[in-house]
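Data block below; observations after.
The values are calculated or read from the model by the stated rules, or taken from the named source; none is laboratory data. What you see is a predicted model; the values in this text were computed from it and never measured. Neighbour counts run over all protein chains shown; Cβ positions are idealised from the backbone, glycine included.
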């Protein structure tokens, strides 16, 4: 009996933490291309994390509207609760609203019950505010856990991370640097991660991502890639 209890005490934390290994890009690109965000080779999925933020999100919406581009916004429950009007504006503009979590917490530091509870209430809030249940989940820092996967299965959410990013959350980020970093790792079928809020980043860092966006979209057009949201991206099988 003691041996079984000890085995369970060891197994449960391992089951909770083991999925976090997918935060390693090389591993998921090779073994889990759908989680890596790999889709149709003639497309690029454009995604934003951490909003909606009244200081910054409207600027991103203006640029996307000017280029007639739709994207996927992974929102935080705490941010959406403060400004539900921005969530509705995202949908009205034709963008896709997906789930980033309730708060920007590393889920390894949340217990299983708390993780399921937080993701469920964030899911319910997105559905209530936008009128549409979210289809995708991207946990903060790209760190999945066993509890997050259980919640995703219950809520019919598909976890999707990213294939390239611009490190646009740092204090030293610049528009040119973000654009060059994204393009250095971007291939047809890739998923781009940018941030439309600096709520979990260096103050004002969002301006670098915003400055990078027009040039990034222009280069995607030049390379013959259609840019759009994750829905319709033709993600690789789970």
- prompt: What number of residues within region 109-134 are surrounded by 18 or more Cβ atoms within 10 Å (Cβ to Cβ) and more than 13 Å from residue 76 (Cα to Cα)?
  reply: 5
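Among residues belonging to region 75-108 that are out of contact with any strand residue (DSSP E or B) (no Cβ under 8 Å at 6 or more places or on another chain) and in contact (Cβ under 8 Å) with a residue 40 or more places away in the chain, point out the one that is surrounded by the most Cβ atoms within 10 Å (Cβ to Cβ). It would help to see each step written out before you state the result.
Residues of region 75-108 out of contact with any strand residue (DSSP E or B) (no Cβ under 8 Å at 6 or more places or on another chain): 78-86, 88-89, 92-94, 105-106, 108.
Okay, now just the ones that are also in contact (Cβ under 8 Å) with a residue 40 or more places away in the chain, so 79-81, 84, 88, 108.
Working: 79: 25, 80: 27, 81: 15, 84: 16, 88: 16, 108: 18.
Taking the candidates together, the pick is 80.
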- request: Write out, first by first residue and then by second, each pair whose Cβ atoms fall under 9 Å of each other, whose residues are 6+ apart or on separate chains, and whose first residue, in region 3-30, is more than 15 Å from residue 107 (Cβ to Cβ) while the second is modelled with pLDDT under 85 and in a helix (DSSP H, G or I).
  value: none
